[in-house]
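The values are calculated or read from the model by the stated rules, or taken from the named source; none is laboratory data. Everything numeric here is computed off the predicted structure, so don't read it as measured data. Counting neighbours? That spans all protein chains shown, and the Cβs are built from the backbone with ideal geometry, glycine included. SASA here: full protein model, heavy atoms, side chains in, ligands and nucleic acids out. Shrake-Rupley method; radii C 1.70, N 1.55, O 1.52, S 1.80 Å.
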Amino acid sequence: KARALACEQTPQAKNLRRVSALGLAEINADDLEEAVVQARRAGVSTEAVNEGVTKVAQARRWSAASDALAVATAPPTTDVSAEVKMYRLRKSVVEARAVGLPLVEVEMAETQLTRMEAVVEVKRGAERELAFSLPGFFSKAEPERMRAAIGVARSAGVAEATVADAEDKMARVLQREEEERKRQAKEQKRREADAAVAQAEAEARASELL
């Protein structure tokens, strides 16, 4: 017992207690791990060493969660889709809460996630409306609806290629409508001309009978 008490007073034991007493945000996991190794070699109690080992794991998890949250909330440095960024942010928020990161940091990340989800939902809605506004086999073209859907899609951040394709389809619809309008106008003039000729012929026959 006296030897055990003596081991607890060694520099290694005191160093282990000192490093372990720090908060998770202040602990350097490598330093604590080294303190655990030295304490074990010095014969410090198994209980104290095991507590140190547990604290190392907690510190590493804390550090990893803190780093992941920082990366997830930072502007992306590569071309990453909103869905991927939201997945990473959502995952990092869950882990941050689990390890007990400062509440203010977690809440700020959650706010950012909520805003991103709202933006993505608006974008998805715009994509759906744009798709529904386009003419299909069983749907009639509605240029005004298409024009409105294109404007909303562009402002919501829908891929420019998708918007441009919709604009091309709308242009073709408008062109067909214009061609149909001209055809109908031409047909109307032809009918009016035919009617005028028929009227003139009828009047000529009537005058011959007088």
- Message: If you count only protein heavy atoms with a 1.4 Å probe, what accessible area per residue comes out for the range 1-157, rounded to a whole Å²?
- Response: 65
- Note on the structure: Taking protein heavy atoms only, a 1.4 Å probe, and rounding to whole percent, the accessible area of the range 1-86 owed to carbon and sulfur comes out at 54
- Task: Taking the Cα atoms of the range 42-186, report the difference between the largest and smallest coordinate on each principal axis, in whole Å and largest first.
- Result: 105, 27, 23
- Enter the angle in degrees (range 0 to 90, nearest 10) between the Cα long axis of helix 29-41 and the first principal axis of the Cα atoms of the chain, meaning the one along which they spread out most. 30
- So what does log10 I(q)/I(0) come out to for the range 1-117 at q = 0.14 Å⁻¹, using the Debye formula with one equal point on every Cα and no solvent? -0.65
- Separation between the Arg97 and Ser139 pseudo-spin-labels, each 7 Å from Cα along Cα→Cβ, expressed in nm? 3.8
- Reach of Lys182 by Cα under 25 Å, taken over lysines that are not fewer than 8 positions away in the same chain: Lys140, Lys169
- What is the local net charge at Asp194, summed over the other residues whose Cβ is closer than 11 Å to its Cβ (Lys, Arg +1; Asp, Glu -1)? 0
- The local net charge around Glu33, scoring Lys/Arg +1 and Asp/Glu -1 for residues other than Glu33 whose Cβ lies under 14 Å from its Cβ, equals +1
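Just how many % of Cα pairs in the range 111-210 lie over 17 Å apart, if you round to the nearest whole percent? Mind dumping the intermediate values first?
On the way: 3253 of 4950 pairs.
When every Cα pair of the range 111-210 is considered, 66 percent fall beyond 17 Å.
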- Most to least accessible of Met86, Met116 (protein chains only, probe 1.4 Å): Met116, Met86
